[in-house]
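Written out below as structure tokens is the structure these notes cover.
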Amino acid sequence: MNFRALVPVQAIDNRIAQLEHRKLQLPERPAAAAAQRALQVALAEAAKRKSRQSEISKEVNRLESRGKDLDVKKAKYETQLKSVIAMREVEALQHEIAGVNAEHSALDDAELLLLDENETLDKQLLESHTTLPSLESSAAEAAEQLAAAVAAADAEIVAARAERATLVAATDAESLALYEGIRARMSSAAVAEIAKGSCGGCHTSLSVKEQAEMKKVADTPDAVCPYCGCLLAVLMFFWFVDTAILTSAGVFKDPRFDNRLLAVGAVLPDIIDWPTGWRVMHSVVTSIALLALVMLVSLGRKPYRKLLLGLPIGTFLHLVFDGAFTSAQMFWWPIGGWEFSAEVLPVVARGWWNVPLEIAGVIALGLWWRNRQRQQL
Ligand SMILES: [Zn+2]
């Protein structure tokens, strides 16, 4: 198992989650919803007015037919009036006619009110005929903008998923399954590195004893932060530091050579290029530039030249022992173009092979240290 290869997978998983969240929170969404709502409100209003108009027309018809009935009734009473003689009957008929007249005039008043209302509705409907098309077009435009934004977000997600697939190819199935299981039940980090003595997931500092125990169980399911439960990736370190020190000791034969910056230079390429995804430090051009820079700033054989030289020598030796020259694009960057190589770092690609390299590094360093102690005696 190799947990370090999970770290970039987790980074891309976090980015995919962010992209998906952003897709749901696109500002085009509320804008499209508001435009659609305004259109629906206007359409509903127009429909309500039309239905009110048809109610009015029915009611007007009813009133008119009732008016005609009253006219017939009144004509009948008036005919009867001509033929009756008794005063009481005359009065009774006149009373009926007055009643019919009163009802008719009330009907007429009601009809007038309805016709007034109908006229107002006509005006309002005419207005909405002029505003509806613009509401329709702005709703369509907002919907189009939303669709374009969703498509752009989808494209980013697809690209991120493709990137994830290449990163996953550099992991082993067991580590990946372990990571995915932890990630599914944890909202915080599922894998982290030990940074400055703290878990990179929960930032709780780990005691020296805890860190030593973590090194012992590195890249097994037991390498879990005791505080947050995330997998802890232990830095691949010894191989590069040791090979760099041993080589410089062999080449320069100078026991006073300062190994501190050499050790930094030997791990610097992975420290910079791994988390950033750049391949700058894995290029021989960068190491040459670094060497030139050191020579330049230490012109006149300043006493710290020997110390500073350790840095470019360290990065050169990293390239050698990393096998960086096997990728021409990475090794000669930016001579073949400014784009970074998409290949995974050699240290990630090696996976399990890092283990014997690390052990070899530790043994070699021990032997060299013993020799050096003997020489100094
Ligand atoms: Zn933790």
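The values are calculated or read from the model by the stated rules, or taken from the named source; none is laboratory data. All figures in this text were calculated on a predicted structure; none of them were measured in a lab. Here Cβ is always computed from backbone atoms with ideal geometry, including for glycine, and neighbour counts include all displayed protein chains.
Which of the numbered conditions does A190 fail, given that it passes all the others? Conditions: (1) under 20 Å from the mean Cα position of the chain (by Cα); (2) of a type in the set (G, A, S); (3) more than 16 Å from the ligand (Cβ to nearest atom); (4) under 21 Å from M1 (Cα atoms).
Condition not satisfied by A190: (3).
Answer yes or no: is there a residue in region 210-218 that is small (G, A, S), at pLDDT 75 or above and within 13 Å of the ligand (Cβ to nearest atom). Working first, answer last.
Initially, region 210-218 is screened for residues small (G, A, S), giving 212, 218.
Now restrict to residues that are at pLDDT 75 or above: 218.
Then drop every residue that is not within 13 Å of the ligand (Cβ to nearest atom), which leaves none.
Looking for residues that are small (G, A, S), at pLDDT 75 or above and within 13 Å of the ligand (Cβ to nearest atom), one finds none in region 210-218, hence no.
Could you count how many residues in region 83-134 are farther than 30 Å from L43 by Cα, of a type outside the set (G, A, S) and in a helix (DSSP H, G or I)? Spell out how you get there, then give the answer.
Going residue by residue through region 83-134, those that are farther than 30 Å from L43 by Cα are 83-109.
Next, from what is left, pick out any that are of a type outside the set (G, A, S): 84-85, 87-91, 93-97, 100-101, 103-104, 107-109.
Checking which are in a helix (DSSP H, G or I) leaves us with 87-91, 93-97, 100-101, 103-104, 107-109.
Counting residues in region 83-134 that are farther than 30 Å from L43 by Cα, of a type outside the set (G, A, S) and in a helix (DSSP H, G or I) gives 17.
Pairs please, first residue from region 125-154 and not assigned by TED's automatic domain parsing to the domain that holds K23, second anywhere and assigned to a helix (DSSP H, G or I), Cβ atoms under 7 Å, 6+ apart in sequence or on different chains.
Qualifying pairs under 7 Å: none.
Given the condition surrounded by fewer than 20 Cβ atoms within 10 Å (Cβ to Cβ) and modelled with pLDDT under 80, answer yes or no: does some residue in region 281-300 qualify?
Checked region 281-300: at least one residue is surrounded by fewer than 20 Cβ atoms within 10 Å (Cβ to Cβ) and modelled with pLDDT under 80.
For region 56-76, state whether one or more residues are modelled with pLDDT of 95 or more, within 53 Å of the chain's Cα centre (by Cα) and either of a type in the set (A, V, I, L, M, F, W, C) or in the same structural domain as E103 (by TED's automatic domain parsing) (or both).
Within region 56-76, not a single residue is modelled with pLDDT of 95 or more, within 53 Å of the chain's Cα centre (by Cα) and either of a type in the set (A, V, I, L, M, F, W, C) or in the same structural domain as E103 (by TED's automatic domain parsing) (or both).
Would it be correct to say that E358 is within 46 Å of the chain's Cα centre (by Cα), within 19 Å of V267 (Cα to Cα) and either surrounded by 18 or more Cβ atoms within 10 Å (Cβ to Cβ) or modelled with pLDDT of 70 or more (or both)? Give the derivation first.
Values: within 46 Å of the chain's Cα centre (by Cα): yes; within 19 Å of V267 (Cα to Cα): yes; either surrounded by 18 or more Cβ atoms within 10 Å (Cβ to Cβ) or modelled with pLDDT of 70 or more (or both): yes.
Yes, satisfied.
Before we move on, is S198 loosely packed, with under 12 Cβ neighbours inside 10 Å and either more than 14 Å from the ligand (Cβ to nearest atom) or closer than 17 Å to V7 by Cα (or both)?
Details: loosely packed, with under 12 Cβ neighbours inside 10 Å: no; either more than 14 Å from the ligand (Cβ to nearest atom) or closer than 17 Å to V7 by Cα (or both): yes.
Spelling it out, it is not the case that S198 is loosely packed, with under 12 Cβ neighbours inside 10 Å and either more than 14 Å from the ligand (Cβ to nearest atom) or closer than 17 Å to V7 by Cα (or both).
Which residue is modelled with the lowest pLDDT, if the candidates are limited to region 219-263 and must be hydroxyl-bearing (S, T, Y) and buried (at least 20 other Cβ atoms within 10 Å of the Cβ)? Explain how you work it out, then say what you get.
Of region 219-263, the ones hydroxyl-bearing (S, T, Y) are 220, 227, 243, 247-248.
Narrowing further to those that are buried (at least 20 other Cβ atoms within 10 Å of the Cβ): 243, 248.
Details: T243: 62, S248: 68.
Within region 219-263, the match that is modelled with the lowest pLDDT is T243.
With the requirement that a residue be among the polar types (S, T, N, Q) and more than 10 Å from V60 (Cβ to Cβ), what does region 98-124 give you?
Going through region 98-124, the residues among the polar types (S, T, N, Q) turn out to be 101, 105, 118, 120, 124.
N101, S105, T120, Q124 - these are the residues of region 98-124 that are among the polar types (S, T, N, Q) and more than 10 Å from V60 (Cβ to Cβ).
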